[in-house]
Structure formats: structure tokens, C-alpha cells
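Structure first, then comments.
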Amino acid sequence: MKVMESETYLNVSVPQLKDELRRRGATTRGRKADLIERLRAYDRNKDFQNEPVIIPEPLEVDWPTRGFQQLQVVHREEIPEICIEQIDMYFVHRLAGDKQSTGDVKAIEKGRLLLESDRVLATSYLMQGNALFFTGIVGAAMKTRVTYNFKLKLDKNSGDIVNSHCECPAGRGPHGTCKHLAAVALLLLTFAEGKGLYIKRSCTENLQTFHKPKHSYSGSPVKAENLSRKRKLNDDFFDDPRPMHLRNLASYPDRVRNMVINYCSGTSENLTYRYLIERADIQTAVNDHDYLERPFTEYWVQQAVEVTTEKVIAIEEKTRGQASSKDWFKERSWRITASRFGDICLATDRRNKQKLCHSIYQPSAALFRCEALVHGRTYEARAIRCFEKETGMNVQRCGFFVDKDRPYLGASPDGLVGRETLIEVKCPFAGRNEKIHPGKHFPFLTVDSLTGEYKLKPSSKYYFQIQGQMYIAKKKTCYFIVYTFRDLFIQKLEFDLEYCENSLLPKLEMFYDKFFKPYLSTIL
């Protein structure tokens, strides 16, 4: 039935009006005047339905369809250098459309298993402009007859993953992060490092495996409390040998508490029962010792960070993994690190010192996930390799250095060159695609008025950091390295002892004694 015009409702019979109301999903009760008024109300409100919301299709990548050729060893020179940090950044740290990290850690783990299981069946390659396109087939993990076609786009200069797509539900483009795409990314990583292609071979190329078990058992023994019992335990099993007049005394818990505390403090042994006892309120106890020059908790903090020469060497050796080492985080927690020297020395009287101390002791978790920090961690290793190639020097890993005379100061250089030199690497995220020059993206650089060359600003936070690192690590020189995808800047800085003793160290010592040490004493 055609849609009626509101002017024609008076000339339409009642059955026709009811049919029109049924078509619109409305009730058909009432007289003819009621039916007409109801239809006119539906006309005014467009049948009480909102306009349809059209969801835009995701951004489509202009994937090429011709010109691909099978990936072979001869193509290794055309593929840029790829590192595992770039894959982690795309699958784990890359900010999605909702401004949240994708966090597909399991995709990388499962992709590695797919690669080791020869589930990458075919890979083709095409270079087009400044982009590298890869396409091929990856087999499903659990089904032998199911395969998925994938597409991958890399930046020719940096090796970053730009776009990806897979036919599986989790790999829909333009930024798919499924395990099949992770397997291909890991394949390209191993291929760029000079290793062979992990592409599935025919059955006659593999060794026979009929005598190998399909599954391996790696479970742990069942705990005693999880074993099944026919008879349940209850309080009747345990008989109290004490007389009735000695049971449930009000002072008995205090007696046990004192015995446990005295035993643990006298023998330095740890009893599990000790953790059932409520901790003492240390901050209240501080007020009971007002005769001391400083709160006794500050003496505890000072004693906790003190080190000997042997301990300084041991700390540096066991923290060479830096961010991947638990000891590195432990040794940094109660110390002021060189990366914060600039914030402290440039802080004005209006700066909230309590918040500054809190940010030094416990940095925000969001800080470690920001794009700039993730970018810096990702490309630091590549910047060091470029420095080694440019200068012919060999960079060695180093750990966390602690100053013996001022044990509350620490530094983690990015590497050592010989015995007298360290390096500090910066990979600015804002200027990652720019040539290095003083300006908006590189505000820490300036032009030398005498030579006309670029150099690090003495007022920059990086200058405070580098001079502090050389003082703490007892080094004479430092190579300041700035890396972008298009350029590499290297400056050799000399250690300025007069600057450290007369400017840097007094400010740090005052901040520690006046603000940071009292802050640490309040969180014990």
C-alpha cells in the first residue's frame, strides 16, 4: 500500500486507515477521527524513528594487486633494518583509535609459535615508492586446512609497520594485530638479521616425527590441601592441653606478640606468624623522640642508601640490564637519578616540591606508555648502532652508577666507550622525520657563535643530566647523540668539575636534605 498524504486521510475508509497504522506499527483502536489524528502525529514525528546512523568504513589502504614476487634471499638488501622493539611498539604500545595501547602481548607470543611451527606458507614482496608491501598466506594454528591471506606495509626508511590486514576476525585492517600478522613480522625480523626464511617446506624436506610424542606434560604435583579426603577436618581433632583457667586469657595475645617480636629481632630470623601482627605506627613514634635533631626515620633513609666502594661496583654489575632488571628499579627508588637533575635545578619557588618528590620516587605509569618514551626506548639500540658505524667505536652496556660520597645520587648512562667516556642517546619523537637543527623539534640545541656548529644548550635539562652522569660515573667525556630517521647528531662534551661542585651539586644536596629525604621518611 502506498504511503498516504495527510490531506487524503479524510477521504479514506476506516479499514484503509487501520491498514496504514498497522504498516507503521501503531494501534488501530478508536474512531475515524482518532485514527486520522494518530496518522498525522506519525507524519509530524517521522514515524517516531531517528535518522539512521551511518558508520563510516575504516580507512582503506591502497593495497597494490600486481607486481609481487616471491620473497628470496636477494631481497634482503632492499629490506630496511628491523628490530624487535618496532614490532613491540606496533603490537603492544601503539595507540589505537581510542587512545589506548593495543596491548596484544599474546599475539606476539602466539605468532612466534606459528613461525617456529612453519605456519607461514607463502610470502611475496613489492617495493613501491617509500613503502614495502608484503602479502602471502599463513596457516591457522589449530586447523590444517584453514589458511588466511595477509597484507603488510612497511616504511622503507625506518622499517616501521604502517598498515596491516589479515582475513581472520582479529586481523581486520588497516591496523590488524593478530597472531598471523605477528608471525609475518617476526619472519621479516629474522630475515633482515641475516637468517633464513621460516616458510613451510614440503613434507619430504622435514625429518620424520612419527616417534615423537604429540603432547608433553609439564604440570606440577598436587598440593596436599587439594587432595581429596573421606573425612573432613574439624576442631575436634585438636585437643588443647592447657587447663581451663589458662585458656583464652586477655593478656595471652600480647605475650605471644612480644615473644615473636623479641625472637625475630634477636635472631634475625623470619617467622610467618609475624605477619599476623599489626605493624607499629612509625610516624606516630617519630613524635615521641622530639629530642633528636631530625626524625629518626631520616636516619634510617640515610643509612639505607649508604654504600661502600665494593657495593658501588656490585650495583653497577648487577643492573646492566637496566629497565629489564629488578635490581635496577630497586636501587633507583630511594635515589635522585641524573635524568631528574634538570627538573630539580630549574625548579622555582612556586614549584610544588611534594609533587616533584613523588614523581621522582614513583613515576606515573602513564609516563612509561607515552609515545615519546616508547619511541625513545624503541630506537635507542638503532641509534647506538649508527653511532658505532659512524665513529668505529664499540659501545659497552653499563648499569646503575651510585656516587660513594653522595649515595643519594645515581645515574644510568646509555653505554660506555672505553674507560673514560660514556654516551647519552636522545630520539626525539616530535622530530623523528626531520633533519636535526635548532628549532621547534630540537629546542635543546643551539648554534655556537664562534664556530657556527650545533651544540647542546648549557641551560637544557640534558646538560644537567650529562654533567651529573660524568660526575657520578667518574668519566671525563660524553658523546651526546641525537637520532632521527633522517639524520644523526654527535657532540663530544667535556666534564666540567667546577660547574658540578659550585652549581649542580649544592642544589641537589639542598633539595635532598630539605625535601626528598623528609618525603622518603614519611612513606616508611
Can you report the number of residues in segment 506-524 which are within 17 Å of Gly342 (Cα to Cα) and surrounded by 15 or more Cβ atoms within 10 Å (Cβ to Cβ)? 6
Among the helices (runs of 4 or more DSSP H) confined wholly to segment 281-351, which include 2 or more residues that are out of contact with any helix residue (DSSP H, G or I) (no Cβ under 9 Å at 6 or more places or on another chain) and over 18 Å from Leu520 (Cβ atoms)? 309-318
Qualifying position, being over 30 Å from Ala473 (Cβ atoms), free of Cβ contacts under 8 Å to residues at least 12 places away in the same chain and not aromatic (Phe, Trp, Tyr), among Thr284, Thr348: Thr284
Of residues in segment 450-469 being among the hydroxyl-bearing types (Ser, Thr, Tyr) and not in a loop (DSSP other than H, G, I, E, B), the one surrounded by the most Cβ atoms within 10 Å (Cβ to Cβ): Tyr463
Flag if Pro506 is modelled with pLDDT of 95 or more and over 30 Å from Gly159 (Cα atoms): yes
Filter segment 401-449 down to residues that are assigned to a strand (DSSP E or B) and in contact (Cβ under 8 Å) with a residue 60 or more places away in the chain and give me whichever is farthest from Leu505 (Cα to Cα). Val417
Could you tell me which residue of segment 290-313 is nearest to Arg332 (Cα to Cα), considering only residues that are without any contact (Cβ under 8 Å) to a residue 60 or more places away in the chain and loosely packed, with under 11 Cβ neighbours inside 10 Å? Gln303
Filtered residues of segment 475-505 (kept if aliphatic (A, V, I, L, M), in a helix (DSSP H, G or I) and surrounded by 15 or more Cβ atoms within 10 Å (Cβ to Cβ)): Leu504, Leu505
Considering only segment 352-378, state which residues are at pLDDT 90 or above and either under 20 Å from Lys426 (Cα atoms) or part of a helix (DSSP H, G or I) (or both). Lys353, Gln354, Lys355, Leu356, Cys357, His358, Ser359, Ile360, Tyr361
List every residue pair whose Cβ atoms sit under 8 Å apart, with the two residues 6 or more apart in sequence or on different chains, where the first one lies in segment 66-80 and is under 13 Å from Ser124 (Cβ atoms) and the second, anywhere, is loosely packed, with under 14 Cβ neighbours inside 10 Å. Gly67/Gln128
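The values are calculated or read from the model by the stated rules, or taken from the named source; none is laboratory data. Computed from a prediction, not measured in an experiment: that's the story for all the values here. We place every Cβ from the backbone using ideal geometry, glycine too, and count neighbours over all the protein chains shown.
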